1. With respect to Ile140, is the statement that it is within 18 Å of Phe44 (Cβ to Cβ), outside any loop (DSSP other than H, G, I, E, B), touching a residue at least 24 places away in the same chain (Cβ under 8 Å) and not hydroxyl-bearing (Ser, Thr, Tyr) true?
2. Within the stretch 24-36, work out how many residues are in contact (Cβ under 8 Å) with a residue 12 or more places away in the chain and open to solvent by 20 Å² or more (accessible area, probe 1.4 Å).
3. Has the stretch 292-299 got at least one residue that is farther than 21 Å from Ala405 by Cβ and not hydrophobic (A, V, I, L, M, F, W, C)?
4. Scan the stretch 91-110 residue by residue and report those that are in a helix (DSSP H, G or I) and touching a Leu at 6+ places or on another chain (Cβ under 8 Å).
5. Please give the number of the condition Thr239 fails out of (1) surrounded by fewer than 19 Cβ atoms within 10 Å (Cβ to Cβ); (2) of a type outside the set (D, E, K, R); (3) more than 27 Å from Asn402 (Cβ to Cβ); (4) modelled with pLDDT under 95.
6. Just name the residue that is least open to solvent (accessible area, probe 1.4 Å) out of those in the stretch 88-107 that are over 25 Å from His412 (Cα atoms) and touching a residue at least 60 places away in the same chain (Cβ under 8 Å).
7. Of everything in the stretch 109-133, what is aliphatic (A, V, I, L, M) and touching a residue at least 60 places away in the same chain (Cβ under 8 Å)? Give them in sequence order.
8. Please tell me if Arg85 is under 18 Å from the mean Cα position of the chain (by Cα), surrounded by 23 or more Cβ atoms within 10 Å (Cβ to Cβ) and of a type outside the set (Phe, Trp, Tyr).
Amino acid sequence: MDSGLTDYKAAVDALFARTGSTAKFGLERTSRFLEQLGNPHQRFDSFHVAGTNGKGSTVATLYELLRSKGLSVGRYMSPHLIDFRERIVVDECAISEQSVIDFLDRCAPDAERFGATFFEITTALAFHHFAESLVDVAVIETGLGGRLDSTNLITPVAAGITSIGLDHREFLGDTEESIAREKAGIFKNGRPGIIGPVSRAARQEIVAVGNAAGASLIDAQSRYETRDTHLSMDGTTFTVAHDGETRALTAGLVGRAQAANASVALAMLESAPPRYRITLDEAAKILPQVSLPGRFQRVGNMIFDVAHNPDGIRSLISTLREVIPEALPVLVLGVLADKDWREMIRELKDVATRMILVRPPSAPPSRAWDLVEAERFAHSLGINAAVEREFEKVVESVARSNEVALVTGSFHTVGDALAQIGKKAF
């Protein structure tokens with residue numbers, strides 16, 4: 001094996017070994033870390049995106065629209081599908097393996113001294129890379145929540161919340177209201193705060209937090225009203241009404257939520273300084289180019305979607321029903337143990353005639369779901385489900401067949417399957 005690849009793998013493996021501290025919320029460690037680096041996050045403009053679902057799509061949309069302005073743009077997203085470097089991209093170039101190695105070698109003593117977690121170190125790496133790359137602007141996705149998320153040390157030109165659902169309840173609370181309060185923590189004094197489609201109860205909490213922070217709150221759907229949404233395997237077409245102008249737009253991403261995600265992105269850009277604003281005519285040219293691996297991605301006879309919570313599964317099912325009305329022959333499902341997998345299976349009951357339950361190889365052992373219990377639960381609902389323990393053979397067999405198959409349940413499941421069939425994420 002090439003020594004450079006060996007060094008990179010060793011560095012990333014050591015970084016992932018710090019994932020056991022994911023519950024150590026707070027900004028102090030990241031703040032001290034960034035201060036040691038010269039506060040790189042203060043050297044570029046940024047857009048900040050939070051939400052239960054739709055964050056990735058909105059970040060991808062913002063990224064493409066900003067690039068169309070001729071700007072140098074960084075993008076920080078998580079988790080990755082196949083390679084850690086997907087998380088940190090500048091102008092379509094993922095951070096290099098050597099840059100990752102050099103940063104982790106240089107910062108290891110500080111990471112140990114501060115007790116920094118995996119995500120805190122990765123966030124510092126992203127901000128450092130963007131500053132060193134001299135980006136004009138970066139689009140930053142929160143990792144978990146918002147208020148105490150490591151990314152929340154930036155002061156963005158605009159922040160947006162895409163959606164609120166019940167996920168990560170062990171960290172963010174058991175209600176939409178408590179989760180909304182945490183995510184609204186990214187809103188800053190004197191800066192625009194864009195609110196996507198959320199429930200009335202969640203909106204009340206977001207508005208209360210945003211007003212207390214002194215943010216300028218904007219409802220995305222009021223500014224960019226969307227209607228007449230139609231889906232196909234090639235994208236999402238919808239009509240937008242804005243300031244007396246009506247325009248048909250097509251997003252490259254598939255799903256009814258993509259119209260709302262686009263409205264959040266457009267409202268964020270409109271609320272930002274003039275250099276970032278996009279007309280509907282400009283958006284019409286760029287939105288078809290937006291892509292995001294693992295989001296209703298069709299490869300041959302297989303559909304890949306990273307839906308990893310009940311709300312995500314419901315959105316996926318809605319898309320399937322419109323694009324492929326009949327039940328699919330095969331569903332390959334792999335979920336992490338800390339997700340509400342019972343509700344996900346219940347929602348997926350009638351999606352396919354056969355359900356294959358798997359455990360993706362990259363899933364951390366501490367988060368691996370109980371396949372036997374999952375199979376037992378599926379059978380209790382009358383689902384034709386079976387456990388398959390050899391993940392690679394399952395994917396290979398499905399890929400060789402002529403049957404349409406859906407692969408979903410987690411980023412690990414989709415990423416491992418895409419890697420198995422030779423696909424790359426960048």
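1. On the way: within 18 Å of Phe44 (Cβ to Cβ): yes; outside any loop (DSSP other than H, G, I, E, B): yes; touching a residue at least 24 places away in the same chain (Cβ under 8 Å): yes; not hydroxyl-bearing (Ser, Thr, Tyr): yes.
Taking the combined requirement at face value, the residue satisfies it.
2. Residues of the stretch 24-36 in contact (Cβ under 8 Å) with a residue 12 or more places away in the chain: 24-27, 29-34, 36.
Among the residues that remain, those that are also open to solvent by 20 Å² or more (accessible area, probe 1.4 Å) are: 24-25, 27, 29, 31-32, 36.
Residues in the stretch 24-36 being in contact (Cβ under 8 Å) with a residue 12 or more places away in the chain and open to solvent by 20 Å² or more (accessible area, probe 1.4 Å): 7 in total.
3. First, the residues of the stretch 292-299 that are farther than 21 Å from Ala405 by Cβ: none.
Checked the stretch 292-299: no residue is farther than 21 Å from Ala405 by Cβ and not hydrophobic (A, V, I, L, M, F, W, C).
4. We begin by selecting, within the stretch 91-110, every residue in a helix (DSSP H, G or I); these are 97-110.
Scanning the stretch 91-110 gives Glu97, Val100, Phe103, Leu104, Cys107.
5. Failed condition: (4).
6. In the first step, residues of the stretch 88-107 are kept if they are over 25 Å from His412 (Cα atoms); the result is 91, 102-103, 105-107.
Now restrict to residues that are touching a residue at least 60 places away in the same chain (Cβ under 8 Å): 105, 107.
Details: Asp105: 105, Cys107: 7 Å².
This residue is Cys107.
7. Initially, the stretch 109-133 is screened for residues aliphatic (A, V, I, L, M), giving 111, 116, 121, 124-126, 131.
Ala111, Ala116, Ile121, Ala124, Ala131 - these are the residues of the stretch 109-133 that are aliphatic (A, V, I, L, M) and touching a residue at least 60 places away in the same chain (Cβ under 8 Å).
8. no
The values are calculated or read from the model by the stated rules, or taken from the named source; none is laboratory data. For clarity, every value in this text was computed on a predicted model and none was experimentally measured. All Cβ positions, glycine included, derive from the backbone under ideal geometry; neighbour counts span all protein chains shown. Areas reflect the complete protein model, heavy atoms only, side chains present, ligands, DNA and RNA absent. Shrake-Rupley method; radii C 1.70, N 1.55, O 1.52, S 1.80 Å.
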